[in-house]
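Following: one structure in C-alpha cells, then a few remarks.
Rule-based calculations on the coordinates, nothing more; no lab input. Everything quoted here is computed from the prediction, not taken from an experiment. In this analysis, Cβ positions are derived from the backbone assuming ideal geometry, glycine residues included, and neighbour counts consider all displayed protein chains.
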Amino acid sequence: MKRIGIAVTDPGDWTAVALNDALVKASARPVVFRLHDVTTSIQEHNRLYTGNTDLKSLDAVIVRDVGGGSGSSGDGDGGSSGGGGGSEDMPYRLDVLCNLERSGLKVVNPPEAIRTAANKHICSYLFREHGLPTPDTILTTDLDVAMDAIRDWGRAVVKPIFGFKGMDIHCVVDDEHSVKLLSSVIDTRGVLYLQRFISNPGRDIRVFVVDRDVPAAIYRLAPPGSWINNLSRGGSHKRCEVTGEIAGLAVEAAGAVGAVYAGVDLIEGEDGLQILEVNGTPSGKGIFEACRVNVAQDIVKCVLDMV
Ligand SMILES: Nc1ncnc2c1ncn2[C@@H]1O[C@H](COP(=O)(O)OP(=O)(O)O)[C@@H](O)[C@H]1O
Ligand SMILES: [Mg+2]
C-alpha cells in the first residue's frame, strides 16, 4: 500500500481532510504531518522525521499548506510567503520540501512552484514572459514613478509581493491619502507592487487546475461595499461554467509557475480575461460548496499516477 504524506498547517481544514479521505478511498495510506514539526538531522544523512515517521520512507508528499503567518490556517488558501520579516520558519519549511524532493520523492506541488506562486513579482513577469494577459504592473521605490502610473491608469491596486487571502491590499487614486499610503509602504516593505485596477463586474473567477485539466471554477463575489473578492474576506461563491478560454488561460498560468495543481485567479476586464495570480496551495472548499466537485480526489489520482 502506497504511503502518501500530507503536509498541513491545520489538519482539520476542509482540504486537508478531503485529501486524507480521498487517499483512503483510493486504497493508499495517508500520513498527515506539519512541516513545522519536522526535524532535519544532517549527521544522519539528512534524515527528516516527525515523531516516529521517517518522511523519506513515504512514496510521495502532497503539500496542502506550508503556513505563512497568522491566519494562514483554517479553510482558505494556504499562505506561503517566500520569506522576509526576519522569520526563518518559512524558508525552513520550503527547504524541508526541497530536501525531500532531492531524495527522489514526488512532492506536489513542487517546492519551487510553491515558492514561485507565493511571489507576485515573479508570477507577474512569468505571465508576461509567457505572453499571458495580466494587468499592467510596476514595482518601484520611487514615489514619483508610482504617482505617474496612478495618474495614467486612473486607479491602482497596491499589494504585498508575498500577500495572500486579499490581505493588505488597497485601491489608490491620485490624491494626498495615496501619497501617504504609498510612502509608508515603501518605508515599511521596501518596495511597491502597484497594479492597474481592472474594472470588473464585482466578481472574479477562481479556476482549479489539476494536471493541466480544470475540474471546476467558481465566481467569487465581493461582499457589499468591497471590491476584494476573496472568500476569506467575506466573498460569496457561485458555480462558473468553464469555457475553453477560462480553462486554457488557467492551465497556461499554472504551467508558467510550474504548479501541478493550482487555484488560478482571473478577472473579467473590459478587454477580456486577465490573470491575477496563481495559488500554489489553494483550498478546495469553495469549489466543493458551489459545484460539488471534490478536487482532492483529482489531486490524489494525479499523485498516485506519478508513483
Ligand atoms: N488589479 C486588480 N483590479 C481589480 N481587482 C483586483 C486587482 N488585483 C486584485 N484584485 C482583487 O483583490 C483580490 C485579491 O488579489 P490577489 O492578487 O488574488 O491577491 P491575494 O493573494 O491576496 O488573493 C482579487 O481576488 C480581486 O478581487
Ligand atoms: Mg487571490
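Using a simple charge model, +1 on the beta-carbon of Lys and Arg, -1 on the beta-carbon of Asp and Glu, nothing else, what dipole does the range 137-196 show about its Cα centre, in debye to the nearest 20? It would help to have the intermediate numbers written out before the result.
Values: 7 positive and 9 negative charges, 73 e Å.
Taking the Cα centre of the range 137-196 as origin, the dipole is about 360 debye.
5 Å is the cut-off here: which amide hydrogens, built 1.01 Å from N in the peptide plane, fall below it relative to GLY163, excluding neighbours closer than 5 in sequence?
It is LYS120, by chain and number.
Taking neighbour Cβ counts within 10 Å as the exposure measure, how do ASP75, ASP148, ASP187 sort from fewest upward?
Values: ASP75 17, ASP148 14, ASP187 9.
Result, fewest neighbours first: ASP187, ASP148, ASP75.
If neighbour count is taken as other Cβ atoms inside 10 Å, put VAL293, VAL24 in order from fewest to most.
VAL24, VAL293
Work from the charge dipole of the range 1-153 (Cβ charges, +1 for Lys and Arg, -1 for Asp and Glu, about the Cα centre) and give the residue of HIS121, ILE62, LEU23 farthest towards its positive end.
Of the options given, the answer is LEU23.
Along the charge dipole of the range 137-196, pointing to its positive end and built from +1/-1 on Cβ of Lys, Arg, Asp and Glu, which listed residue (LEU143, SER178, VAL158) has its Cα farthest out?
Of the listed residues, the answer is VAL158.
Past 31 Å, Cα to Cα, is the threshold; run LYS165/LYS301; LYS120/LYS301; LYS56/LYS301; LYS25/LYS159 against it and keep the listed order.
On the way: LYS165/LYS301 27 Å; LYS120/LYS301 29 Å; LYS56/LYS301 21 Å; LYS25/LYS159 40 Å.
LYS25/LYS159, as the Cα separations exceed 31 Å there.
About the Cα centre, and with charges only on the beta carbon of Lys, Arg (+1) and Asp, Glu (-1), how big is the dipole of the chain? Nearest 20 debye, please. Provide the component values of the computation, followed by the final result.
On the way: 31 positive and 40 negative charges, 204 e Å.
Here the chain has a charge dipole of around 980 debye.
Using only alpha carbon pairs under 8 Å that are at least six residues apart, calculate the relative contact order of the range 3-112 and give it in whole percent. Display every interim value, and only then the final one.
Values: 182 pairs, mean separation 31.2, N = 110.
That works out to 28 percent.
What list of ³J(HN,Hα) couplings, whole Hz, do you get for the range 212-217 from phi and the Karplus terms 6.51, -1.76, 1.60, once you set θ to phi - 60° and write x for glycine and proline?
Result, rounded to whole Hz: 6, 10, 10, x, 5, 8.
Can you list the aspartates and glutamates whose alpha carbon is less than 19 Å from that of LYS238, not counting same-chain residues fewer than 8 positions off?
ASP75, ASP77, ASP204, ASP265, GLU268, GLU289
Using unit Cβ charges (K, R positive; D, E negative) and no other charged atoms, how large, in debye to the nearest 20, is the dipole of the range 2-67 about its Cα centre? Could you put the intermediate results ahead of the total?
Details: 8 positive and 8 negative charges, 51 e Å.
The dipole magnitude comes to about 240 debye.
Would you mind ranking GLU241, GLU277 so that the residue whose beta carbon has the fewest other beta carbons within 10 Å leads the list? Intermediate values should be presented prior to the final figure.
Working: GLU241 8, GLU277 23.
Least to most surrounded, the residues fall as GLU241, GLU277.
With θ set to phi - 60°, apply the Karplus curve 6.51 cos²θ - 1.76 cosθ + 1.60 along the range 146-162 and write out the HN-Hα couplings as whole Hz, x wherever there is a Gly or Pro.
For the range 146-162, the Karplus-derived couplings read 5, 5, 4, 5, 5, 4, 5, 8, x, 9, 9, 10, 9, 10, x, 4, 9 Hz, x marking Gly and Pro.
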